[in-house]
Amino acid sequence: MTARRHASEWAPVGTAWFQGLFDDAALFPPGNAAMADAVEGHLAWKASTQAAYVGAFVCSDARWPELVKHLPTASRIKASVTVPGGMDGLSAAVAAASDTPKATLVAVEVPLLRGQRVAALITQLDRELPAHATGYLEVPVSEVDHALCRTLALTRHHLKLRTGGTTATAFPAEYELAAAIGNAVRSRLSFKLTAGLHHAVRHRDPVTGFEHHGFLNVLLATSAALAGSPTSSVASILADRNPASVAEAVRRLDVETTHSVRRQFESFGTCSIDEPLDDLTALGLIKETRP
């Protein structure tokens, strides 16, 4: 963010806007935290006054045994397991994650790999996942059309979109992301995002030069899509780089709209909990946020 004001200039918004919004992906790039540090940090956040903002701890299936080893005996965290291998690794990942007394499996994130069929992956998710866990099907943003969203919306599983990465091309353009959000919203399909959303407002990273989406922009874009705005208007909201105008737009949304938006845009994975919360504090949208 380029504009920062003292938090006392504005009144904070309700917790409902950001409750459980930040899934703890400290293990993943660019953070790449050691497991011991990631677990310690997650437990500290969940024991803090800001616990409501922090969602599930995200861990890959390959590192799940390491997670179990580092969790304290008395812990009971909520965890999401990612399965990069897709359908081939799903059964083993779910079995291992479901047999962990120290962690409750709340989500499984699995990509639709080239050559795999959506219907087949949905069938496997239905068969493998326990009733209390949600499946997130990761689909490239450019492939999220209305037909796919309608198909997925008829199941208990949700959509996952990747909004960044280690190359410039990993970041979808505003119009492309707006179209995907619009298709999901029109189908009443809930979704989560991952990568590149450490900050509240659209910006260019001064080190990499990459154009990053802002998570507040995404919340507002989801609200606009729910209101029936055309894709071009939703894209213009995603493109807004003015922190003050974005924050003010958030404040203008009523409670009913807030809940509707969060039913659609559930959470996003971030390797830093500090950075998004620091942005919200600087914008006066929440109070001071240190565990």
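The values are calculated or read from the model by the stated rules, or taken from the named source; none is laboratory data. Here the structure is a predicted model, which means the values were calculated and not measured. We place every Cβ from the backbone using ideal geometry, glycine too, and count neighbours over all the protein chains shown.
Numbers at a glance
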| item | result |
| --- | --- |
| Subset of the stretch 126-154 [of a type in the set (S, T, N, Q) and either part of a helix (DSSP H, G or I) or surrounded by fewer than 16 Cβ atoms within 10 Å (Cβ to Cβ) (or both)] | S142, T151 |
| Cβ-Cβ under 6 Å pairs, at least 6 apart or on other chains, the stretch 238-267 side closer than 16 Å to Y53 by Cβ, far side at pLDDT below 95 | T258/A16; T258/W17 |
| Criterion: small (G, A, S) and over 25 Å from C271 (Cβ atoms) - qualifying residue of G182, G164, G135 | G182 |
| Matching entry among V201, V185 (being surrounded by 15 or more Cβ atoms within 10 Å (Cβ to Cβ), modelled with pLDDT of 95 or more and in contact with a Lys or Arg (Cβ under 7 Å, 6 or more places away or on another chain)) | V201 |
| Among (1) in contact (Cβ under 8 Å) with a residue 40 or more places away in the chain; (2) under 30 Å from A26 (Cα atoms); (3) assigned to a helix (DSSP H, G or I) - the single one A225 does not satisfy | (2) |
| Options T208, T166: the member that is over 18 Å from the mean Cα position of the chain (by Cα), modelled with pLDDT under 95 and within 20 Å of P276 (Cα to Cα) | T208 |
| Pairs, first in a loop (DSSP other than H, G, I, E, B) in the stretch 18-30, second acidic (D, E), C-beta under 9 Å, six or more apart | G20/E266; L21/E266; A26/D37 |
| Count of the stretch 32-48 residues which are free of Cβ contacts under 8 Å to residues at least 60 places away in the same chain and surrounded by fewer than 16 Cβ atoms within 10 Å (Cβ to Cβ) | 4 |
| Scan of the stretch 54-86 for residues that are part of a strand (DSSP E or B) and under 12 Å from A38 (Cα atoms), ordered by number | F57, V58, C59 |
| Scan of the stretch 175-205 for residues that are more than 13 Å from the chain's Cα centre (by Cα), among the polar types (S, T, N, Q) and not in a helix (DSSP H, G or I), ordered by number | S187 |
| Scope the stretch 74-88; condition touching a helix residue (DSSP H, G or I) at 6+ places or on another chain (Cβ under 6 Å) and modelled with pLDDT under 95; matching residues | M87 |
| Residues (on the phi < 0 side of the Ramachandran plot and part of a loop (DSSP other than H, G, I, E, B)) located in the stretch 31-41 | G31, A33, A34 |
| The listed residue being in contact with a strand residue (DSSP E or B) (Cβ under 9 Å, 6 or more places away or on another chain) and among the hydroxyl-bearing types (S, T, Y), out of T222, T208, T167 | T222 |
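Residue by residue, here is whether (1) without any contact (Cβ under 8 Å) to a residue 60 or more places away in the chain; (2) in contact with a Phe, Trp or Tyr (Cβ under 7 Å, 6 or more places away or on another chain); (3) over 22 Å from A224 (Cβ atoms); (4) among the acidic types (D, E) holds:
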position: P172; (1), (2), (3), (4): yes, no, no, no
position: Y175; (1), (2), (3), (4): no, no, no, no
position: A178; (1), (2), (3), (4): no, no, no, no
position: G182; (1), (2), (3), (4): yes, no, no, no
position: L193; (1), (2), (3), (4): no, yes, no, no
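Matching residues to (1) of a type in the set (S, T, N, Q); (2) closer than 30 Å to V207 by Cα:
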site: T134; (1), (2): yes, no
site: L137; (1), (2): no, no
site: V141; (1), (2): no, yes
site: H146; (1), (2): no, no
site: R156; (1), (2): no, no
site: K160; (1), (2): no, yes
site: T166; (1), (2): yes, yes
